[in-house]
Amino acid sequence: MELTFFLAKVIGAFLVIVGVSILLKQKSLPLLAEQFINNFYLKYFAGIMALIMGLLLVASHNLWTSPEKIIITLIGWAALLKGASLILLPENTLAGLAKICNNKTWAIIGGLVAIVLGVYLLYIWYTAIV
């Protein structure tokens, strides 16, 4: 159970920070996404990092028994799938996926979802230490 609270603290803080960043930098996200998609080396490096993080999370915390454990496990699986996709999928497939997800509505929804999940995980961690 201690691992769950540790991961809730780290992943919760990460999600809140990234979610707020997405909401604050909406105007520059399309350019960021375009530059990311056009840089093979950056995509490959990001894929390796996401794959490592996903594998570590799935190997250490593949638990499906409570909401917070399920959220952490799903984040691990999502990171693993994202990493594998970035290093395995063809360039044109990744560019097509980026075009679909590259709009203001998706950015706002993604940022808000990240913040809500992050706050929830931080709340789980905080209530565990009190």
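The values are calculated or read from the model by the stated rules, or taken from the named source; none is laboratory data. The structure presented is a predicted model; accordingly, all values stated were derived computationally and were not measured. Cβ sites come from the backbone with ideal geometry, for glycine too, and all protein chains shown count toward neighbours.
Table for the structure above
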quantity: Only one of A95, A84, A107, A50 that is aliphatic (A, V, I, L, M), more than 16 Å from the chain's Cα centre (by Cα) and part of a helix (DSSP H, G or I); calculated: A95
quantity: Output for region 39-61, where each listed residue is hydroxyl-bearing (S, T, Y) and either at pLDDT below 95 or more than 12 Å from T73 (Cβ to Cβ) (or both); calculated: Y41, Y44
quantity: Residue in region 65-80 that is surrounded by 13 or more Cβ atoms within 10 Å (Cβ to Cβ) and either in contact with an Asp or Glu (Cβ under 6 Å, 6 or more places away or on another chain) or not in a helix (DSSP H, G or I) (or both) present; calculated: no
quantity: Which numbered condition I87 misses (of (1) in contact with a Phe, Trp or Tyr (Cβ under 8 Å, 6 or more places away or on another chain); (2) closer than 15 Å to F6 by Cα; (3) surrounded by 12 or more Cβ atoms within 10 Å (Cβ to Cβ)); calculated: (2)
